[in-house]
Amino acid sequence: MKKTTITLKRDFSIMPDPVKICFLADRHHLFDDRIYWKMAVPLVLKGFEVYYFLIGNKNSSGITKEGVNYKIWKAKTFSRNQWINFLIKRLNPNNNYRKLFEEASALKADIYHFHDLWINRIGVKLKNLGHRPVVFYDAREPYAEDYMSYGKKVMALPTRIFAYWVDRWEKKQAMNYDLVIANESLVQQNFARIIGKERSVVLFNYSDRYLNMNHDKDQVKEYDLIYSGTITRLRGAMNTLKAVKIIQNEIPNLKCLFIGTYYPDSLKDEMNSFLKQNCLEKNVVLHEAVPYQEIGYYYSRSKIGLLILERVKTYEISMPIKLFDYMTFGLPIIGSNFGHINSYITEDNCGITVDPSDPVEVAGAIIRLLKDEKLYSMLSKNARKAADSKYNWENEFQKLLGYYQKALNER
(Lines give C-alpha, C1' and ligand atoms only; values in the text may rest on other atoms or scores of the structure.)
Protein backbone atom coordinates (compact mmCIF):
# COMPACT_ATOMS: atom_id res chain seq x y z
CA MET A 1 0.00 0.00 0.00
CA LYS A 2 1.46 3.34 -1.07
CA LYS A 3 1.07 6.03 1.56
CA THR A 4 1.41 9.79 1.28
CA THR A 5 3.72 11.49 3.79
CA ILE A 6 2.56 14.95 4.81
CA THR A 7 5.09 17.41 6.20
CA LEU A 8 3.82 20.49 8.03
CA LYS A 9 5.85 23.27 9.62
CA ARG A 10 5.38 24.23 13.23
CA ASP A 11 3.87 27.67 13.73
CA PHE A 12 4.44 29.30 17.11
CA SER A 13 2.93 32.61 16.02
CA ILE A 14 -0.54 31.78 17.31
CA MET A 15 0.49 32.69 20.88
CA PRO A 16 3.70 33.92 22.51
CA ASP A 17 3.86 31.16 25.13
CA PRO A 18 2.94 27.47 24.88
CA VAL A 19 -0.67 26.92 25.89
CA LYS A 20 -1.58 23.62 27.51
CA ILE A 21 -4.69 21.92 26.07
CA CYS A 22 -6.20 18.72 27.46
CA PHE A 23 -8.73 16.65 25.49
CA LEU A 24 -10.90 14.14 27.36
CA ALA A 25 -13.14 11.35 26.03
CA ASP A 26 -14.72 8.05 27.03
CA ARG A 27 -16.37 6.78 23.83
CA HIS A 28 -13.66 7.53 21.30
CA HIS A 29 -10.30 5.87 20.78
CA LEU A 30 -6.87 7.48 20.85
CA PHE A 31 -6.62 7.99 17.09
CA ASP A 32 -10.14 9.33 16.68
CA ASP A 33 -10.50 11.34 13.48
CA ARG A 34 -11.98 14.50 15.02
CA ILE A 35 -10.16 14.60 18.37
CA TYR A 36 -6.74 13.32 17.35
CA TRP A 37 -6.21 13.98 13.63
CA LYS A 38 -8.29 17.12 13.18
CA MET A 39 -7.69 18.85 16.51
CA ALA A 40 -4.81 17.46 18.59
CA VAL A 41 -2.20 16.95 15.86
CA PRO A 42 -2.71 20.32 14.11
CA LEU A 43 -2.59 22.03 17.53
CA VAL A 44 0.78 20.40 18.26
CA LEU A 45 2.00 21.73 14.92
CA LYS A 46 0.78 25.19 15.94
CA GLY A 47 2.97 25.07 19.05
CA PHE A 48 0.40 24.08 21.67
CA GLU A 49 1.23 21.54 24.39
CA VAL A 50 -1.42 18.89 23.84
CA TYR A 51 -2.66 16.09 26.12
CA TYR A 52 -5.37 13.51 25.50
CA PHE A 53 -6.85 11.54 28.42
CA LEU A 54 -9.45 8.88 27.71
CA ILE A 55 -11.23 5.78 28.90
CA GLY A 56 -10.53 2.98 26.43
CA ASN A 57 -9.87 -0.73 25.99
CA LYS A 58 -6.52 -0.91 27.80
CA ASN A 59 -4.29 0.92 30.27
CA SER A 60 -1.61 2.84 28.41
CA SER A 61 0.29 6.12 28.41
CA GLY A 62 3.04 7.88 26.47
CA ILE A 63 3.63 10.33 23.64
CA THR A 64 2.56 9.58 20.08
CA LYS A 65 4.95 10.12 17.16
CA GLU A 66 2.92 13.22 16.29
CA GLY A 67 3.74 14.68 19.72
CA VAL A 68 0.44 14.19 21.59
CA ASN A 69 0.79 13.21 25.26
CA TYR A 70 -1.80 10.59 26.18
CA LYS A 71 -3.08 8.41 28.99
CA ILE A 72 -5.71 5.67 28.72
CA TRP A 73 -7.65 3.99 31.52
CA LYS A 74 -9.20 0.63 30.70
CA ALA A 75 -13.00 0.69 30.78
CA LYS A 76 -14.47 -1.48 33.53
CA THR A 77 -17.28 -3.93 32.88
CA PHE A 78 -19.24 -5.23 35.87
CA SER A 79 -22.20 -6.88 34.12
CA ARG A 80 -23.29 -7.97 30.63
CA ASN A 81 -26.55 -6.14 31.22
CA GLN A 82 -25.96 -2.59 29.97
CA TRP A 83 -28.28 -0.98 32.53
CA ILE A 84 -26.77 -2.79 35.52
CA ASN A 85 -23.28 -2.07 34.22
CA PHE A 86 -24.24 1.59 33.80
CA LEU A 87 -25.46 1.90 37.40
CA ILE A 88 -22.51 0.09 38.99
CA LYS A 89 -19.94 2.15 37.07
CA ARG A 90 -21.52 5.38 38.26
CA LEU A 91 -22.03 4.30 41.89
CA ASN A 92 -18.50 2.94 42.22
CA PRO A 93 -16.52 5.66 44.11
CA ASN A 94 -13.25 4.56 42.49
CA ASN A 95 -14.52 4.79 38.92
CA ASN A 96 -12.52 5.94 35.91
CA TYR A 97 -14.15 9.36 35.87
CA ARG A 98 -12.62 10.11 39.24
CA LYS A 99 -9.20 9.04 37.93
CA LEU A 100 -9.75 11.10 34.80
CA PHE A 101 -10.52 14.19 36.88
CA GLU A 102 -7.57 13.69 39.22
CA GLU A 103 -5.12 13.41 36.33
CA ALA A 104 -6.66 16.28 34.38
CA SER A 105 -6.82 18.64 37.35
CA ALA A 106 -3.19 17.89 38.29
CA LEU A 107 -2.18 18.88 34.75
CA LYS A 108 -3.47 22.44 35.31
CA ALA A 109 -4.26 22.86 31.64
CA ASP A 110 -5.23 26.24 30.22
CA ILE A 111 -8.00 24.63 28.17
CA TYR A 112 -9.99 21.45 28.82
CA HIS A 113 -11.84 20.34 25.71
CA PHE A 114 -13.94 17.26 26.37
CA HIS A 115 -15.99 15.01 24.12
CA ASP A 116 -18.77 12.55 25.02
CA LEU A 117 -21.80 12.87 27.25
CA TRP A 118 -20.63 11.33 30.50
CA ILE A 119 -17.50 13.46 30.81
CA ASN A 120 -20.05 16.07 31.91
CA ARG A 121 -19.79 14.34 35.28
CA ILE A 122 -16.47 16.09 35.81
CA GLY A 123 -16.89 19.07 33.44
CA VAL A 124 -18.17 21.49 36.06
CA LYS A 125 -15.48 20.39 38.53
CA LEU A 126 -12.85 21.18 35.90
CA LYS A 127 -14.38 24.60 35.31
CA ASN A 128 -14.25 25.32 39.06
CA LEU A 129 -10.53 24.55 39.42
CA GLY A 130 -8.52 27.27 41.13
CA HIS A 131 -6.44 28.23 38.10
CA ARG A 132 -9.61 29.23 36.19
CA PRO A 133 -9.26 27.10 33.06
CA VAL A 134 -11.28 27.41 29.87
CA VAL A 135 -13.70 24.49 29.37
CA PHE A 136 -15.20 23.50 26.01
CA TYR A 137 -17.78 20.73 25.56
CA ASP A 138 -17.81 19.02 22.15
CA ALA A 139 -21.41 17.78 22.00
CA ARG A 140 -20.91 15.46 19.06
CA GLU A 141 -24.17 13.56 19.10
CA PRO A 142 -27.86 14.02 19.95
CA TYR A 143 -27.48 11.74 22.97
CA ALA A 144 -31.09 11.67 24.13
CA GLU A 145 -32.18 10.69 20.62
CA ASP A 146 -29.44 8.04 20.57
CA TYR A 147 -30.98 6.32 23.58
CA MET A 148 -34.46 6.54 22.09
CA SER A 149 -33.29 5.07 18.78
CA TYR A 150 -31.45 2.11 20.26
CA GLY A 151 -33.80 1.37 23.16
CA LYS A 152 -35.65 -1.94 22.98
CA LYS A 153 -39.45 -1.90 22.69
CA VAL A 154 -39.89 -3.69 26.04
CA MET A 155 -37.94 -0.83 27.62
CA ALA A 156 -39.67 1.95 25.70
CA LEU A 157 -41.09 3.87 28.68
CA PRO A 158 -37.98 3.64 30.94
CA THR A 159 -35.81 4.57 27.94
CA ARG A 160 -37.97 7.61 27.19
CA ILE A 161 -37.78 8.76 30.81
CA PHE A 162 -34.02 8.21 30.91
CA ALA A 163 -33.53 10.08 27.61
CA TYR A 164 -35.54 13.03 28.94
CA TRP A 165 -33.41 13.13 32.11
CA VAL A 166 -30.18 12.89 30.08
CA ASP A 167 -31.22 15.84 27.90
CA ARG A 168 -32.13 18.04 30.91
CA TRP A 169 -28.95 17.11 32.79
CA GLU A 170 -26.68 17.70 29.78
CA LYS A 171 -28.13 21.17 29.14
CA LYS A 172 -27.86 22.09 32.84
CA GLN A 173 -24.18 21.13 32.93
CA ALA A 174 -23.52 23.02 29.70
CA MET A 175 -24.58 26.31 31.31
CA ASN A 176 -21.27 26.26 33.22
CA TYR A 177 -18.89 25.99 30.24
CA ASP A 178 -17.20 28.63 28.10
CA LEU A 179 -18.39 27.08 24.86
CA VAL A 180 -20.43 24.15 23.54
CA ILE A 181 -19.39 22.87 20.11
CA ALA A 182 -21.75 20.81 17.92
CA ASN A 183 -20.94 19.21 14.57
CA GLU A 184 -24.31 20.04 13.01
CA SER A 185 -26.88 22.83 13.33
CA LEU A 186 -29.82 21.10 15.06
CA VAL A 187 -27.78 20.05 18.11
CA GLN A 188 -26.31 23.56 18.27
CA GLN A 189 -29.78 25.13 18.17
CA ASN A 190 -30.97 22.93 21.04
CA PHE A 191 -28.11 24.19 23.19
CA ALA A 192 -28.55 27.80 22.02
CA ARG A 193 -32.09 27.84 23.43
CA ILE A 194 -30.66 27.10 26.87
CA ILE A 195 -27.22 28.75 27.01
CA GLY A 196 -27.48 31.37 24.26
CA LYS A 197 -26.19 31.62 20.69
CA GLU A 198 -22.92 33.25 21.70
CA ARG A 199 -21.89 30.18 23.73
CA SER A 200 -22.94 27.48 21.27
CA VAL A 201 -21.33 27.04 17.85
CA VAL A 202 -20.97 24.50 15.03
CA LEU A 203 -17.71 22.99 13.78
CA PHE A 204 -18.69 20.73 10.91
CA ASN A 205 -16.85 17.42 10.76
CA TYR A 206 -15.50 17.91 7.25
CA SER A 207 -12.68 15.84 5.74
CA ASP A 208 -9.07 16.79 6.32
CA ARG A 209 -5.58 16.49 4.84
CA TYR A 210 -4.66 13.24 6.60
CA LEU A 211 -6.88 11.09 4.37
CA ASN A 212 -4.19 10.29 1.77
CA MET A 213 -6.26 11.81 -1.01
CA ASN A 214 -5.41 10.17 -4.31
CA HIS A 215 -7.44 11.67 -7.13
CA ASP A 216 -5.71 9.79 -9.95
CA LYS A 217 -8.41 9.27 -12.58
CA ASP A 218 -6.66 6.12 -13.76
CA GLN A 219 -6.73 4.53 -10.29
CA VAL A 220 -7.93 0.92 -10.50
CA LYS A 221 -11.37 0.61 -8.91
CA GLU A 222 -11.30 -2.66 -7.03
CA TYR A 223 -14.65 -2.18 -5.27
CA ASP A 224 -17.97 -1.10 -6.76
CA LEU A 225 -19.37 -0.20 -3.33
CA ILE A 226 -17.85 0.83 -0.03
CA TYR A 227 -19.26 1.42 3.43
CA SER A 228 -16.85 2.54 6.14
CA GLY A 229 -17.37 3.18 9.85
CA THR A 230 -19.34 1.46 12.58
CA ILE A 231 -21.27 -1.42 11.02
CA THR A 232 -24.70 -2.13 12.54
CA ARG A 233 -28.17 -3.15 11.44
CA LEU A 234 -29.47 0.40 11.83
CA ARG A 235 -26.60 1.64 9.66
CA GLY A 236 -27.79 -0.59 6.83
CA ALA A 237 -25.62 -3.71 7.16
CA MET A 238 -28.21 -6.37 6.39
CA ASN A 239 -30.23 -4.28 3.93
CA THR A 240 -27.03 -3.67 1.96
CA LEU A 241 -26.41 -7.43 1.75
CA LYS A 242 -29.99 -7.96 0.55
CA ALA A 243 -29.45 -5.30 -2.13
CA VAL A 244 -26.19 -6.97 -3.23
CA LYS A 245 -28.07 -10.26 -3.60
CA ILE A 246 -30.53 -8.55 -5.94
CA ILE A 247 -27.78 -6.81 -7.94
CA GLN A 248 -25.80 -10.04 -8.36
CA ASN A 249 -28.38 -11.33 -10.85
CA GLU A 250 -27.60 -8.42 -13.18
CA ILE A 251 -23.97 -7.68 -12.25
CA PRO A 252 -22.45 -11.05 -11.23
CA ASN A 253 -18.97 -9.63 -10.51
CA LEU A 254 -20.16 -6.85 -8.20
CA LYS A 255 -17.75 -6.17 -5.33
CA CYS A 256 -18.88 -4.58 -2.06
CA LEU A 257 -16.53 -3.61 0.79
CA PHE A 258 -17.51 -3.17 4.43
CA ILE A 259 -14.67 -1.72 6.46
CA GLY A 260 -14.96 -0.83 10.14
CA THR A 261 -16.07 -2.10 13.54
CA TYR A 262 -18.98 -4.55 13.73
CA TYR A 263 -21.54 -4.04 16.50
CA PRO A 264 -22.57 -6.17 18.20
CA ASP A 265 -19.76 -8.68 17.70
CA SER A 266 -22.30 -11.30 16.62
CA LEU A 267 -23.32 -9.18 13.61
CA LYS A 268 -20.26 -10.16 11.60
CA ASP A 269 -21.08 -13.86 12.06
CA GLU A 270 -24.65 -13.16 10.97
CA MET A 271 -23.42 -11.33 7.87
CA ASN A 272 -21.03 -14.17 7.00
CA SER A 273 -23.89 -16.67 7.33
CA PHE A 274 -26.00 -14.59 4.94
CA LEU A 275 -23.15 -14.50 2.43
CA LYS A 276 -22.71 -18.28 2.52
CA GLN A 277 -26.43 -18.99 2.26
CA ASN A 278 -26.74 -16.74 -0.78
CA CYS A 279 -23.40 -17.57 -2.46
CA LEU A 280 -22.12 -14.00 -2.07
CA GLU A 281 -18.70 -14.75 -0.57
CA LYS A 282 -16.95 -13.49 -3.73
CA ASN A 283 -19.09 -10.36 -3.89
CA VAL A 284 -18.70 -8.98 -0.37
CA VAL A 285 -15.58 -8.30 1.70
CA LEU A 286 -15.98 -7.87 5.46
CA HIS A 287 -12.85 -5.96 6.46
CA GLU A 288 -11.85 -4.89 9.96
CA ALA A 289 -11.26 -1.22 10.81
CA VAL A 290 -8.01 0.38 9.62
CA PRO A 291 -6.09 3.41 10.96
CA TYR A 292 -7.63 6.72 9.94
CA GLN A 293 -4.69 7.64 7.68
CA GLU A 294 -5.18 4.44 5.63
CA ILE A 295 -8.89 4.66 4.84
CA GLY A 296 -8.15 6.88 1.84
CA TYR A 297 -6.44 3.93 0.17
CA TYR A 298 -9.79 2.11 0.08
CA TYR A 299 -11.85 5.15 -0.89
CA SER A 300 -9.62 5.76 -3.91
CA ARG A 301 -10.19 2.18 -5.05
CA SER A 302 -13.99 2.35 -4.79
CA LYS A 303 -16.70 3.64 -7.10
CA ILE A 304 -19.75 4.35 -4.92
CA GLY A 305 -20.13 5.32 -1.24
CA LEU A 306 -23.00 3.78 0.73
CA LEU A 307 -24.82 5.69 3.47
CA ILE A 308 -28.19 3.96 3.85
CA LEU A 309 -28.90 4.56 7.53
CA GLU A 310 -32.28 3.50 8.89
CA ARG A 311 -34.85 6.20 9.65
CA VAL A 312 -34.52 6.56 13.42
CA LYS A 313 -34.47 9.77 15.43
CA THR A 314 -30.71 10.01 15.93
CA TYR A 315 -29.93 9.58 12.22
CA GLU A 316 -32.48 12.25 11.31
CA ILE A 317 -30.27 14.67 13.26
CA SER A 318 -26.68 13.39 13.11
CA MET A 319 -24.27 14.20 10.29
CA PRO A 320 -22.01 11.27 9.28
CA ILE A 321 -18.42 12.21 8.41
CA LYS A 322 -18.53 9.55 5.67
CA LEU A 323 -20.73 11.92 3.70
CA PHE A 324 -17.81 14.33 3.27
CA ASP A 325 -15.14 11.64 2.95
CA TYR A 326 -17.03 10.12 0.03
CA MET A 327 -17.33 13.55 -1.61
CA THR A 328 -13.63 14.23 -1.12
CA PHE A 329 -12.76 11.14 -3.14
CA GLY A 330 -15.35 11.83 -5.80
CA LEU A 331 -17.59 8.91 -4.84
CA PRO A 332 -21.23 9.34 -5.84
CA ILE A 333 -23.35 8.50 -2.78
CA ILE A 334 -26.30 6.16 -2.39
CA GLY A 335 -27.85 7.68 0.74
CA SER A 336 -30.97 7.74 2.90
CA ASN A 337 -33.80 9.98 1.77
CA PHE A 338 -34.08 11.99 5.00
CA GLY A 339 -32.10 14.28 7.30
CA HIS A 340 -28.70 15.79 6.52
CA ILE A 341 -27.79 12.92 4.20
CA ASN A 342 -30.70 13.75 1.91
CA SER A 343 -30.07 17.51 2.14
CA TYR A 344 -26.40 17.39 1.15
CA ILE A 345 -26.85 14.85 -1.64
CA THR A 346 -29.74 16.86 -3.08
CA GLU A 347 -28.13 20.29 -2.69
CA ASP A 348 -24.82 19.25 -4.28
CA ASN A 349 -26.34 16.76 -6.75
CA CYS A 350 -23.71 14.18 -5.81
CA GLY A 351 -25.69 10.97 -5.49
CA ILE A 352 -29.07 9.25 -5.33
CA THR A 353 -31.32 9.16 -2.26
CA VAL A 354 -33.34 6.03 -1.48
CA ASP A 355 -35.60 4.47 1.10
CA PRO A 356 -32.95 2.72 3.21
CA SER A 357 -35.36 0.01 4.32
CA ASP A 358 -36.12 -1.05 0.73
CA PRO A 359 -33.32 -3.27 -0.69
CA VAL A 360 -35.02 -3.30 -4.10
CA GLU A 361 -34.88 0.50 -4.34
CA VAL A 362 -31.29 0.53 -3.06
CA ALA A 363 -30.30 -2.10 -5.62
CA GLY A 364 -31.98 -0.18 -8.43
CA ALA A 365 -30.08 3.01 -7.60
CA ILE A 366 -26.76 1.16 -7.51
CA ILE A 367 -27.40 -0.58 -10.85
CA ARG A 368 -28.38 2.73 -12.42
CA LEU A 369 -25.15 4.41 -11.27
CA LEU A 370 -22.90 1.56 -12.34
CA LYS A 371 -24.47 1.31 -15.81
CA ASP A 372 -24.93 5.00 -16.64
CA GLU A 373 -21.39 6.31 -17.16
CA LYS A 374 -22.54 9.84 -17.96
CA LEU A 375 -24.60 10.10 -14.77
CA TYR A 376 -21.80 8.57 -12.71
CA SER A 377 -19.23 11.03 -14.08
CA MET A 378 -21.45 14.04 -13.41
CA LEU A 379 -22.23 13.04 -9.81
CA SER A 380 -18.59 12.21 -9.14
CA LYS A 381 -17.42 15.63 -10.37
CA ASN A 382 -20.12 17.37 -8.35
CA ALA A 383 -19.08 15.49 -5.20
CA ARG A 384 -15.41 16.41 -5.56
CA LYS A 385 -16.20 20.02 -6.44
CA ALA A 386 -18.40 20.40 -3.34
CA ALA A 387 -15.72 18.92 -1.09
CA ASP A 388 -12.96 21.11 -2.54
CA SER A 389 -14.94 24.35 -2.47
CA LYS A 390 -17.08 24.08 0.67
CA TYR A 391 -16.47 21.11 2.94
CA ASN A 392 -12.92 21.70 4.14
CA TRP A 393 -11.80 21.01 7.72
CA GLU A 394 -8.99 23.60 7.55
CA ASN A 395 -11.60 26.37 7.68
CA GLU A 396 -13.26 24.76 10.69
CA PHE A 397 -9.91 24.38 12.45
CA GLN A 398 -9.20 28.09 12.01
CA LYS A 399 -12.54 28.80 13.69
CA LEU A 400 -11.51 26.55 16.59
CA LEU A 401 -8.27 28.51 17.03
CA GLY A 402 -10.33 31.69 17.15
CA TYR A 403 -12.61 30.26 19.83
CA TYR A 404 -9.61 29.22 21.93
CA GLN A 405 -8.00 32.66 21.57
CA LYS A 406 -11.21 34.49 22.50
CA ALA A 407 -11.87 32.30 25.56
CA LEU A 408 -8.28 32.68 26.80
CA ASN A 409 -8.43 36.45 26.35
CA GLU A 410 -11.67 36.60 28.33
CA ARG A 411 -10.16 34.38 30.99
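The values are calculated or read from the model by the stated rules, or taken from the named source; none is laboratory data. It should be emphasised that the depicted structure is a prediction, and the values quoted were computed from it without experimental measurement. A quick note on method: Cβ atoms are made from the backbone with ideal geometry, for glycine too, and the neighbour counts reach across all protein chains shown. In case anyone asks, the SASA skips ligands and DNA or RNA and just uses the protein heavy atoms, side chains included. Shrake-Rupley method; radii C 1.70, N 1.55, O 1.52, S 1.80 Å.
So the values come out like this:
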{"item": "The range 213-294: proportion of alpha-carbon pairs further apart than 17 angstrom, %", "result": "48"}
{"item": "Most mobile of MET238, MET271, MET319 in a GNM of the chain (Cα contacts under 10 Å)", "result": "MET271"}
{"item": "Carbon plus sulfur fraction of accessible area for the chain, probe 1.4 Å, in percent", "result": "51"}
{"item": "Structure-based [θ]222 nm, the chain - -39500 (n - 2.57) summed over DSSP H runs of at least 4, per residue, nearest 500", "result": "-12500 deg cm²/dmol"}
{"item": "Loop sites in the range 255-356: GluC sites (Glu not before Pro), DSSP, at most 14 other Cβ within 10 Å", "result": "GLU281"}
{"item": "Karplus-derived HN-Hα couplings along the range 160-169 (A = 6.51, B = -1.76, C = 1.60, θ = phi - 60°), whole Hz, x at Gly and Pro", "result": "5, 5, 5, 4, 4, 4, 4, 4, 5, 5"}
{"item": "10 Å binning of all Cα-Cα separations within the range 253-310, expressed as whole percents from 0 upward", "result": "19, 50, 30, 1"}
{"item": "Heavy-atom accessible area order for HIS340, HIS29, HIS113, HIS287, largest first, 1.4 Å probe", "result": "HIS29, HIS287, HIS340, HIS113"}
{"item": "The range 254-343: antiparallel DSSP beta bridges as a percent of all, rounded to 5", "result": "0"}
{"item": "Accessible surface of LYS385 - all protein chains present, 1.4 Å probe, nearest 10 Å²", "result": "140"}
{"item": "GNM top mover of ARG27, ARG168, ARG140 - the chain, alpha-carbon springs below 10 Å", "result": "ARG168"}
{"item": "Cα pair distances of the chain binned at 20 Å [whole percent]", "result": "25, 57, 18, 0"}
{"item": "Angle between the chain longest axis and helix 393-410 axis [Cα atoms, degrees, rounded to 10]", "result": "10"}
{"item": "Estimated translational D of the range 20-65 in µm²/s (Stokes, Kirkwood radius over Cα pairs; 20 °C; 1.002 mPa s)", "result": "196"}
{"item": "Accessible surface, per residue, of the range 256-411 when the full set of protein chains is kept, probe 1.4 Å, Å²", "result": "42"}
{"item": "Tilt relative to the chain, helix 339-348 - C-alpha long axis, 0 to 90 degrees, to 10", "result": "60"}
{"item": "Angle in degrees between helix 82-91 and the longest Cα principal axis of the chain, rounded to the nearest 10", "result": "10"}
